[in-house]
Amino acid sequence: MNLSQHLDKEGIILSSGIIVKLERFASLLNEWNQIHNLTGAKTIDAIYVNIVDSLYPLTFIEKPKTLLDVGTGAGFPGLVLAIALPDTQVVLAEPLKKRVSFLKYASIDLELPNVSVEAKRVETVEHDAFDLISSRAVTNTKLLLDLTSKISDAHTEYLFYKGSRVFDEIEDVQHQLRYDIVQKNQRNYLYIKTEE
């Protein structure tokens, strides 16, 4: 399947220009991955699956003006969301140098003026409170909330890409949160919303 077919299947609607950029990102990542081993996704198709996983929440979240992605790695979900949301200012926090090099290269190659890469751990990022903080496969929910407490406020929403452990993790923090868990394939998307 090509990327458009993958996206159509999940009801993710994007302009053809954005899809072209996502395909370009996939081939860049595939190229770099041969040498630098940035992600377990070893084929274009596997990268497409990760792109769809990154983008699926666009079907149910509010579009943020500012987004911080914690531990972006090879670009999932932060760089992929930045491509799909050109009007959103996106900060990618990633401490590992080879991944930072790739993220910087890709954001220049793909002409993404809305992206900045912070080569550091999230707890040292300095910024006004973000509208949305996302993270995939980085630490547990409570720790993520703690680590980002200086760059969030009462209006910040969170989008954490989780596996099956999300249900245990949310027990530690659920008394203080309003949230949904959206399940899709093997993924649990934990969407923590602002208090109304």
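Details
- The DSSP beta bridges internal to the chain are antiparallel in roughly 40% of cases.
- Cα centroid separation, region 137-156 to region 76-103 (Å): 18
- If you wrap the tightest convex hull around every Cα atom of region 125-195 and split its volume per residue, you get 80 Å³.
- Taking V91, V80, V166 as the candidate residues, the one with maximal mean-square fluctuation in a Gaussian network model of the chain, Cα springs under 10 Å, is V166.
- Using only side-chain charges placed at the Cβ, +1 for Lys and Arg and -1 for Asp and Glu, the dipole size of region 65-196 relative to its Cα centre rounds to 600 debye.
- Solvent-accessible area per residue in region 59-159 equals 45 Å², computed with a 1.4 angstrom probe and all protein chains kept.
- With K and R counted +1 and D and E -1, the other residues having a Cβ less than 14 Å from that of H6 yield a net charge of -3.
- Residue among L103, L58, L29 with the largest mean-square fluctuation in a Gaussian network model of the chain, springs linking Cα atoms under 10 Å: L58
- Counting only DSSP beta bridges with both residues in region 104-196, the antiparallel share comes to about 70 percent.
- Our compactness index for region 8-161, the C-alpha radius of gyration over the empirical 2.2 N^0.38 Å, is 0.97.
- Cα-based radius of gyration of region 77-188 once divided by 2.2 N^0.38 Å, which approximates compact folds: 1.11
- A simple spin-label model places pseudo-atoms 7 Å from Cα toward Cβ; at S101 and Q186 they are separated by 3.0 nm.
- Solvent-accessible area, 1.4 Å probe, carbon plus sulfur percent, for region 1-158: 52
- Shown for the chain are the DSSP H helices of 20 Å or more along their axis, judged by Cα atoms, with a mean Kyte-Doolittle hydropathy of at least -1.0: 16-36.
- Rh by Kirkwood over Cα pairs, then Stokes-Einstein D for region 120-160 at 0.692 mPa s and 37 °C, µm²/s: 316
- GNM on the chain, alpha-carbon springs under 10 angstrom: the most fluctuating residue among I133, I35, I13 is I35.
- Kirkwood Rh (inverse of mean 1/r, distinct Cα pairs), region 35-96, angstrom: 12.3
The values are calculated or read from the model by the stated rules, or taken from the named source; none is laboratory data. None of the values given here were measured: they were computed from a predicted structure. Reconstructed Cβ throughout: ideal geometry from the backbone, glycine too, with neighbour counts over all protein chains shown. Each accessible area value is taken on the protein alone, full model and side chains, heavy atoms only, with ligands, DNA and RNA left out. Shrake-Rupley method; radii C 1.70, N 1.55, O 1.52, S 1.80 Å.
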